[in-house]
Structure formats: C-alpha cells, structure tokens
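One structure below.
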Amino acid sequence: MTKLHIVHVTQSVSRLGGGLFPCVRRIAQETGAMEHVRCSVMGLQDAMSDEDAECWSPVQVQAHPIFGPRKFGFAPGLDRSLKAATPDVVHLHGLWKYPSVAVWRWAKACGRPYAISPHGMLEPWSLTQSRCQKQLSNLLYQRACLRQATCLMATSAMEAESIRLAGYRTPIAIIPNGVEIPALPLPRTPPVAGRLRRAIFLSRIHPKKGLINLVEAWDILRPPGWELLIVGPDENGHLAEVQAAVRQHGLDALVHFPGEVMGEAKLRIYCDSDLFVLPSFSENFGLVIAEALSCEVPVITTHATPWQELESHACGWWIDTGVDPLVEALRQAFAMDPAYLHAMGVRGRALIEQNYTWKPIGKSMIEVYEWMVGQRPKPACVID
C-alpha cells in the first residue's frame, strides 16, 4: 500500500515558535511512526532552527530562509519544496504569515486537501491584537486560505466555538494537544531549612498571559512562607513591564525570574513546585497546564482556557479573569494543607494519563487525514 504522505507547514521549527514547537513536533513524530504514513515538516528558518533540528528526529525537517521582514516570513523556498514534495495532505500550523500563502497557492495549483490548525490565533482576544495587520492579511490571503481548507483543527470545543464566531463554516476536527508524561517520582531538590513553598508561572512572558494581574494578586495576599517564580522567555518586551510592576509593589524578595528553562531543568522546576498559575486572557489549549498536571502540580487558570476539567476532577481552580477571582483562588490554595494540595496534583496527573497522551491523539489525526483524502468515513471528532 502506498504510504500517505503528510507535510506539516509551520511558522517555526525551533523553540522560538513557542507552543507551536512541541505541538507540531510531537504530532509529526507520532503520526510519522505509523507504518502507512510518511511525515515531513517544513517551516521558516530562525536563530535556533539549526540547534533544535535534532529534536525532530526521525522526522525530516526543512527550514527555509526568510527574505525581508521576519514578521511576515516571506520564504519562496517553501513554495518550491511543497511542489517538489507532492504530499497527499498538507497540515498548516498558525496564521497571518507567508506559510499560509504558500499552502494556499500549493492547494490551488494541485487541487489536493489541506488542514489548518489556528493554534489560538482566531481566539477573540488574539484577533484584537495587531488588528490592522490582520485585516489586511484577511483581505489578501488569510480569509480565503481558511475558507478553502478541507478541515480546520481545534484543540478544544472552546476553540471550535471561536472559529465559528470568527465566521468560518468549514468542518472542524476537535483533537486536544498531548503531553509527554514524565516518569515519577522525580527526586526533589534536597530540602533546605526554611525553604519557601513555591507557586510558578511558566510560559511566554506576554501580555495575554495576565501576569500583571498575578503580581497585583500576590501583592494583596503576600502569603507567608511562599515565593512566586515567573519562568519563561520574554516576548515583545513584556518582561520589563512585569519586573517594573514587581518593583513598584515592593515584591523583589518574593517574586523571582529564572528566565527560560527547557528539558530536564523545566521538568525539575515543575516537580519542585507546589502550585501552578496561568491567569491568561486567551488560550486555545494551554499546554503548560497539561505539563504541570502531569508533574502532579495543581493548577489555577482562567475561563479563557478550556480547562473546566480542573473543577470536575478536583485538581485545580477554573476562575474568571481578573485580579479578584485570582486573589480568592490563591487564598484558598495557600490555606490548604500541603498533603491535600498534592493530592489535587495526583488527581491531575490521572486526568492527563486518561485523556491527553500522544498515541491516541496521533491516531485521531491520521483518521482525519484519511477522511480528507477519501480513504475513510468522517471521524467522530469532526463536526460540521
């Protein structure tokens, strides 16, 4: 049987792509491991793409150089590579940049199907950012690219609703992101006398993450015996704004900024923490929430994320956005006995093991691709 050839097209093939990087990488690796599937990845070259290339193994990756402004990502080599590869299906990840143009042109030229994962870029909050640029992109290519796709991919029912709200009636496949479950127990860092209990934020330091609200809530509570770590790479200079807020509230001794962490260091910082907080204004999925739960860390996050299961599985708090709801959730967490708080984290890991591992997610992806090329009936995860 001829292998089904899938090409994933993404805006970045390195860690600089933020949450796109681990999601696209694991989807490509999991689907490419199946006997009847051949999988490859094409994306835009950046400062870390060469260093991170080995992370994709055994999937073949092509990183194309950009000409002109990086914000648009004009990479004519992407057009040539798509044409030469002759894939059966293309899966585009992300919007608003040249890869959308390249995939749209490829599909018009060859008449083959493509899917698009917006990865939260059609969420209402996201659409309010750089509004003029997005309106121009829609006029020139993005709206047509979305409407002519065979299928749109959403990571949650909440994201699917946002796609419909944005005006797109294309069939939507609802398939969550997955997480790599770490082997536990991971030996904790040896205790130090008087060590503070730890709450962490771990994600891109970006305005949509709600960090100013978190700093204000921490200032109101100033919980004795606790410290807050704000971990992650700076984006758009927001780190300086958050650090200024910490200084303004006199929290320098209680709030720390370790910078970006990856690999073993990232796992370590999760496992040495007692509470995870993501007070976002917009998330299509929130992979870091799944990562924290997989390390048995209970989570506080907002209704702007699709994580109502935190409440139904008693492994965290799912709250309104804003300072006051965050203060109340933090107050409850700080008042809990450490053993009970950890038990919430244990229930969270069980939730991830049950619903968010990569193998069944990869199987669902393949079923959608096969439906797109007419090899099987429409899967149950696809809604009209």
Could you check how many residues of the range 166-197 are modelled with pLDDT under 90 and of a type in the set (Lys, Arg)?
2
Which residue is farthest from LEU278 (Cα to Cα), if the candidates are limited to the range 221-245 and must be under 24 Å from the mean Cα position of the chain (by Cα) and part of a strand (DSSP E or B)?
ASP234
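Residue-wise test of (1) surrounded by fewer than 20 Cβ atoms within 10 Å (Cβ to Cβ); (2) out of contact with any helix residue (DSSP H, G or I) (no Cβ under 7 Å at 6 or more places or on another chain); (3) under 24 Å from ASN236 (Cβ atoms).
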position: LYS3; (1), (2), (3): yes, yes, no
position: CYS23; (1), (2), (3): no, no, yes
position: CYS39; (1), (2), (3): no, no, no
position: GLY73; (1), (2), (3): no, no, yes
Among the numbered criteria (1) at pLDDT 95 or above; (2) surrounded by fewer than 16 Cβ atoms within 10 Å (Cβ to Cβ); (3) under 30 Å from VAL368 (Cβ atoms); (4) not hydroxyl-bearing (Ser, Thr, Tyr), which one does ILE220 miss?
(3)
Could you go through the range 118-140 and let me know if any residue there is within 16 Å of ILE6 (Cα to Cα) and either surrounded by 15 or more Cβ atoms within 10 Å (Cβ to Cβ) or among the polar types (S, T, N, Q) (or both).
no
Considering only the range 23-30, I want to know if a residue exists there that is under 26 Å from GLY362 (Cβ atoms), in contact (Cβ under 8 Å) with a residue 12 or more places away in the chain and in contact with a Lys or Arg (Cβ under 8 Å, 6 or more places away or on another chain).
yes
Filter the range 241-251 for residues that are surrounded by 12 or more Cβ atoms within 10 Å (Cβ to Cβ) and closer than 15 Å to GLU227 by Cβ and give the result.
VAL246, HIS249, LEU251
Are there any strands (runs of 3 or more DSSP E) wholly within the range 273-362 with 3 or more residues that are free of Cβ contacts under 8 Å to residues at least 60 places away in the same chain, and if so which?
299-302, 316-319
Taking the options ASP219, ASP234, name whichever one is out of contact with any strand residue (DSSP E or B) (no Cβ under 7 Å at 6 or more places or on another chain) and over 26 Å from HIS313 (Cα atoms).
ASP219
Note on the range 69-105: residues among the β-branched types (Val, Ile, Thr) and farther than 15 Å from TYR141 by Cα are THR86, VAL89, VAL90
If you go through the range 252-259 one residue at a time, do you hit one that is assigned by TED's automatic domain parsing to the domain that holds MET336, surrounded by fewer than 16 Cβ atoms within 10 Å (Cβ to Cβ), touching a Pro at 6+ places or on another chain (Cβ under 7 Å) and farther than 17 Å from GLN354 by Cβ?
no
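The values are calculated or read from the model by the stated rules, or taken from the named source; none is laboratory data. Only a predicted model underlies this, so the values are computations on that prediction, with no experimental measurement involved. Every residue, glycine as well, gets a Cβ built from its backbone with ideal geometry; the counts of neighbours run over all protein chains shown.
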